[in-house]
């Protein structure tokens with residue numbers, strides 16, 4: 001009986017540790033002169049590993065001659081943290097509680113207390129950076145180490161890498177936001193209604209390739225603010241589209257992996273490329 005119980009326990013543990021099956025969105029992009037590339041929707045953080053590499057994705061990776069990410073050195077956590085620290089600090093910032101809507105101050109106090117964080121640590125932290133740090137405290141069950149950007153790098157170590165943005169440029173977008181918009185971000189981090197979907201629901205939508213759910217999230221929560229949506233979404237998509245088209249016209253065969261939100265809806269990259277005359281075909 002003890003052997004049977006031990007075997008049952010091992011079977012259960014093995015099942016719990018297996019990566020979750022996923023079928024993320026993937027498109028093929030082709031042009032009139034033989035241009036060829038792919039768009040793959042990623043998710044940057046997950047509670048556990050995902051089994052994302054279908055036969056269709058593997059074929060695309062085998063045909064690609066470069067891996068294009070938002071940040072090429074996504075696996076260099078120290079370098080990313082260094083850039084964050086260089087941008088995140090300004091002396092004599094107002095106390096964090098004063099930068100939060102009064103109704104949300106109890107939520108801020110609770111979040112800091114639950115995580116044993118001294119509010120004084122934010123004395124010189126800019127508001128956008130504080131919002132990102134608090135979001136990390138509020139999302140401890142999800143792990144960037146399970147993000148699909150990093151998984152792609154690990155799966156294809158020999159494939160040359162390029163980036164659409166880089167850490168410096170990406171974080172500078174937040175750093176350039178007006179203080180009022182940074183406070184919208186901070187308040188959104190503390191609200192219960194961060195968006196229509198929970199983090200679990202967004203992860204499930206990514207696994208199923210459910211672009212409708214993900215597209216809605218680009219217009220809810222803090223992304224309902226027009227200036228924030230323009231800075232964090234629309235302007236970035238337009239800049240990335242220009243780089244992608246340049247790569248394709250140069251004869252590159254890029255496998256382009258970006259957050260799935262950037263591929264969803266009428267102003268996502270597939271729609272933009274199709275509007276510019278490229279043939280964009282969803283493969284999964």
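The values are calculated or read from the model by the stated rules, or taken from the named source; none is laboratory data. In this text the structure is predicted, and so the values were computed from the model without any measurement. Please note: Cβ atoms are built from the backbone with ideal geometry, for glycine as well, and neighbour counts cover all protein chains shown.
Annotations
- Some residue of the stretch 240-251 being outside any helix (DSSP H, G or I) and surrounded by 15 or more Cβ atoms within 10 Å (Cβ to Cβ): no
- Failed item in (1) under 21 Å from residue 188 (Cβ atoms); (2) crowded, with 17+ Cβ neighbours inside 10 Å, with residue 50 passing the rest: (1)
- When residue 159 is tested against the conditions (1) in contact with a strand residue (DSSP E or B) (Cβ under 8 Å, 6 or more places away or on another chain); (2) crowded, with 17+ Cβ neighbours inside 10 Å; (3) in a loop (DSSP other than H, G, I, E, B), the lone failure is (2).
- Some residue of the stretch 113-123 being buried (at least 18 other Cβ atoms within 10 Å of the Cβ), more than 26 Å from residue 203 (Cβ to Cβ) and modelled with pLDDT of 95 or more: yes
- Scope the stretch 125-144; condition loosely packed, with under 13 Cβ neighbours inside 10 Å and without any contact (Cβ under 8 Å) to a residue 40 or more places away in the chain; matching residues: 140
- The residues of the stretch 252-284 that are assigned to a loop (DSSP other than H, G, I, E, B), more than 20 Å from the chain's Cα centre (by Cα) and more than 24 Å from residue 151 (Cα to Cα), listed by number, are 276, 277, 278.
- Of the residues 55, 97, 78, 60, the single one that is over 30 Å from residue 209 (Cα atoms) and either touching a residue at least 60 places away in the same chain (Cβ under 8 Å) or over 20 Å from the mean Cα position of the chain (by Cα) (or both) is 97.
For every residue, the table says whether it meets (1) assigned to a helix (DSSP H, G or I); (2) on the phi > 0 side of the Ramachandran plot; (3) surrounded by fewer than 19 Cβ atoms within 10 Å (Cβ to Cβ).
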| position | (1), (2), (3) |
| --- | --- |
| 58 | yes, no, yes |
| 67 | no, no, no |
| 75 | no, no, yes |
| 93 | no, no, yes |
| 97 | yes, no, yes |
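- The condition (being surrounded by 19 or more Cβ atoms within 10 Å (Cβ to Cβ) and either in a loop (DSSP other than H, G, I, E, B) or under 15 Å from the mean Cα position of the chain (by Cα) (or both)) is satisfied by just one residue among 207, 229, 236, 219: 236.
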